[in-house]
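Structure, as structure tokens:
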Amino acid sequence: MVLSCENELPEILRQVDIVNFREAMTERHEDYEIAFVEGSISRKEEAHKLRKIRKKARVVVALGACSSTGGLNCLKNRFPMRYLQEEVYGRGAHKKKAFDTDTVRPIDAFIHVDYYIHGCPIPKKEFLSVLTALLMGSVPKITNHPVCVDCKLAGNICVFEKGKTCLGPVTRAGCDAICVTYGGVCWGCRGLVDDPNIGAHTETLKRYGLTADSVMDSFNLYDRCAIKRKR
Amino acid sequence: MKKDLHIKIDEITRVEGHGNVVIDVRNGRVKEIKLEIIESPRFFEVMLRGRRYDEAQHIMSRICGICAVSHTSASLKAVEDAMGIRISRQSTLLRKLAFCGETLQSHILHLFFLVFPDFLGEGSIVPILKTHPEIAKKGLELKRLSNEVCAAVAGRHIHPISFFPGGVAYLPKVEELKRLRGLLKASFDDLEYTLELMERMPRREFPNLKAREFVSLKGKGEYAVYGGEPYSSKGSALKTANYSKKIKEYIVPHSAAKHARTSKGTYMVGALARVNNNWRQLGARGRKAAIEAGIRVPAYDPYLNNSAQLVECFQAVEDAISLIDELLDRGLRQEPLAKPKKYGRGVGIVEAPRGTLYHEYAIDRDGLVQSAVCIIPTAQNLRSIEDDMRSLVPAIIDRPREEIRGAIESLVRAYDPCISCSTHMMDVRFE
């Protein structure tokens, strides 16, 4: 998504030096102030690398669902790790280093995270606004209202009206409810609002005879890692 | 000349995912050459287990941010095959249009961001924005256009929203399609510019070329990426239904991604394989570009994969224009999603930008996915990359170390590997 900022990229590069972006650059340096970290953690070496990044960077931003909540990867935690390895790579796989794996966790299970850019994928708009705030020395604003608000602003018909289940009432907005606009429902990729039992969109919930808890029960695609903690 | 050579390239740059190259030559003899895949395994197929059939495309799209349309489509085709769902012509056209956007997007990203820095002697696109702003600008513009094509149909490129089992849940706006048609038409100029640019760039040639097996989809009357049947240039009788008997995956100790072979051995997938197998199906612009780029089929040089990608950019733009024309001629209309009729096993095969992508699912009577297999293009190419390194290194062993390193990195990059995609193979077979 960062590479989809085609219009903004030249300007971004006038403001910052990207010093380490292995997938796009040959050069790598270990001298940085802001680190954007993608991906969740499922190996000791990854946790080690992450702690090193935390020591060096002044600001750590979790970039995307895998990093900020564990994301879809947490679906794997439904099974014992040894079972997973043997299922995929055959018997005895748990003894081999290449297939090493552990319970998936978001990065804030290991280090302090300063800011979060949520979603799968992240909204480009949010990435640019967080980056701008950091460069201006102000505090990035992270949305904490439910997707229902964005959805109303987008002028969508409520999908509960069409008999579908939607996680919009308890999910953190900031995505312009794009999934509903394009014919889908909210899957909850941006995680729960900070306090779903209070912050949820109660108007929608009431109208359809739902509670925050009942909607959160179907909240098991994303945010599986975090949901236990919050309840 | 007898020579010792040890090269280890840790976490090779400008490829997607984490891989190391290890080269060990002693006394002029190759002891070991391998591409280590050190990415964490992700277990996507297991993640899918027990999930509803209409969540599958959403989950599997997340395998990759570059070929999200491909994973979504392969997943939908597998579910629709398993459940006897037939989608409308309009839905097929819309899905194919998004595919054109994805092919263009992925190839442009690879060429401009990952390959051209090599040719221009830079480490990334970043300095190119300063030293060759004209080139960087063309790349960014083509990339934005490809994003817009996907967004018009699917809401966005990473990850498509409107694609569901049974069809497409969103209708693009007629005005938007018309606007894109104009931009696509104009983009041929940018592609011509890119082609000229590539012709001026120093070209690597692969020594000791041998014939190789190319596998891709092949269709009648179309350059197949979404439709068609699998095809092998060496005549392995590949069919959608029997692919798992013909393509065998196996584990190698140095790789978290499995390798694959056919009964004939090593094979290659991707742009070069498709151009070779579908030469006759190329459109006028695509074929002209291929000839100008110096591709004569059969073309076995793996470095030519970069040129083949550019040929496919022409093809994708050409196809996108005719798809838009057909959609506008027919008139767009809202359609309900087609419903499942049965349950069981199904296979979905598409041509992702990097090659043939297989998804196979078993779905139970409750509509839950019981098991899943995915065969990823990069995993299929790993054996081919290693074979090529094995024949390349002895041929250039007398050159300076940095040159050898450069040739190897360019070779791996020419295959455009997507390593994180390839690290979640699953060994469950439907016997």
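When residues of the range B:107-162 are filtered for being over 26 Å from B:Ala68 (Cα atoms), assigned to a helix (DSSP H, G or I) and open to solvent by less than 10 Å² (accessible area, probe 1.4 Å), how many remain?
Residues flagged as over 26 Å from B:Ala68 (Cα atoms), assigned to a helix (DSSP H, G or I) and open to solvent by less than 10 Å² (accessible area, probe 1.4 Å) within the range B:107-162 amount to 1.
Could you please give the count of residues in the range B:5-20 that are open to solvent by 10 Å² or more (accessible area, probe 1.4 Å), in contact with a helix residue (DSSP H, G or I) (Cβ under 8 Å, 6 or more places away or on another chain) and at pLDDT 70 or above?
Going through the range B:5-20 one residue at a time, the tally reaches 1.
Would you mind stating whether A:Glu45 is open to solvent by 70 Å² or more (accessible area, probe 1.4 Å), closer than 26 Å to A:Leu135 by Cα, acidic (Asp, Glu) and under 22 Å from the mean Cα position of the chain (by Cα)?
No, not satisfied.
For the range B:196-220, enumerate the residues that are open to solvent by 10 Å² or more (accessible area, probe 1.4 Å), within 21 Å of the chain's Cα centre (by Cα) and over 18 Å from B:Pro353 (Cβ atoms).
Listed by number, the residues that qualify are B:Arg212, B:Lys220.
Counting only residues that are assigned to a helix (DSSP H, G or I), surrounded by 14 or more Cβ atoms within 10 Å (Cβ to Cβ) and not charged (D, E, K, R), how many does the range A:125-162 have?
Residues meeting the conditions: 14.
Go through the range B:360-375 and count every residue that is within 14 Å of B:Glu249 (Cβ to Cβ) and of a type outside the set (A, V, I, L, M, F, W, C).
Within the range B:360-375, residues that are within 14 Å of B:Glu249 (Cβ to Cβ) and of a type outside the set (A, V, I, L, M, F, W, C) number 1.
Mind listing just one residue for me: the one in the range B:149-166 that is in contact with a Leu (Cβ under 7 Å, 6 or more places away or on another chain) and more than 10 Å from chain A (Cβ to nearest Cβ) and, of those, nearest to A:Pro10 (Cα to Cα)?
Looking at residues that are in contact with a Leu (Cβ under 7 Å, 6 or more places away or on another chain) and more than 10 Å from chain A (Cβ to nearest Cβ), I get B:Val149.
Spot the failing condition for A:Ile18; the list is (1) more than 21 Å from the chain's Cα centre (by Cα); (2) aliphatic (A, V, I, L, M); (3) open to solvent by less than 40 Å² (accessible area, probe 1.4 Å), and only one is missed.
Looking at each condition in turn, A:Ile18 falls short on (3).
Here is a yes/no grid of residues against (1) at pLDDT 90 or above; (2) open to solvent by 10 Å² or more (accessible area, probe 1.4 Å); (3) closer than 28 Å to A:Phe127 by Cβ:
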site: A:Ser67; (1), (2), (3): yes, no, yes
site: A:Asn77; (1), (2), (3): no, yes, yes
site: A:Met81; (1), (2), (3): no, yes, no
site: A:Leu84; (1), (2), (3): no, no, no
site: A:Val88; (1), (2), (3): no, no, no
site: A:Asp108; (1), (2), (3): yes, yes, yes
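Quick one: which of B:Glu55, B:Glu32 is in a helix (DSSP H, G or I), open to solvent by 10 Å² or more (accessible area, probe 1.4 Å) and at pLDDT 85 or above?
B:Glu55
Which residues, taken from the range B:249-290, are open to solvent by 50 Å² or more (accessible area, probe 1.4 Å) and over 18 Å from the mean Cα position of the chain (by Cα)?
Within the range B:249-290, B:Tyr250, B:Ile251, B:Pro253, B:Ser263, B:Lys264, B:Arg280, B:Ala284, B:Arg285, B:Arg287, B:Lys288 meet the criteria.
Give the residues of the range B:224-235 that are under 12 Å from B:Phe214 (Cα atoms) and surrounded by fewer than 20 Cβ atoms within 10 Å (Cβ to Cβ), sorted by residue number.
B:Lys234, B:Gly235
What are the pairs with Cβ atoms under 9 angstrom where one residue, in the range A:163-175, is assigned by TED's automatic domain parsing to the domain that holds A:Trp187 and open to solvent by less than 10 Å² (accessible area, probe 1.4 Å) and the other, located anywhere, is of a type in the set (Gly, Ala, Ser) and not in a loop (DSSP other than H, G, I, E, B)? Sequence gap at least six, or different chains.
A:Pro169/A:Ala212; A:Val170/A:Gly199; A:Val170/A:Ala212
Within the range B:163-178, track down each residue that is open to solvent by 10 Å² or more (accessible area, probe 1.4 Å) and of a type in the set (Gly, Ala, Ser).
B:Ala169
The values are calculated or read from the model by the stated rules, or taken from the named source; none is laboratory data. Quick caveat: nothing in here was measured; it's all calculated off a predicted structure. Ideal geometry is used to build each Cβ from the backbone, glycine not excepted, and the neighbour counts take in all protein chains shown. For accessibility, only protein heavy atoms count, side chains too; no ligands or nucleic acids. Shrake-Rupley method; radii C 1.70, N 1.55, O 1.52, S 1.80 Å.
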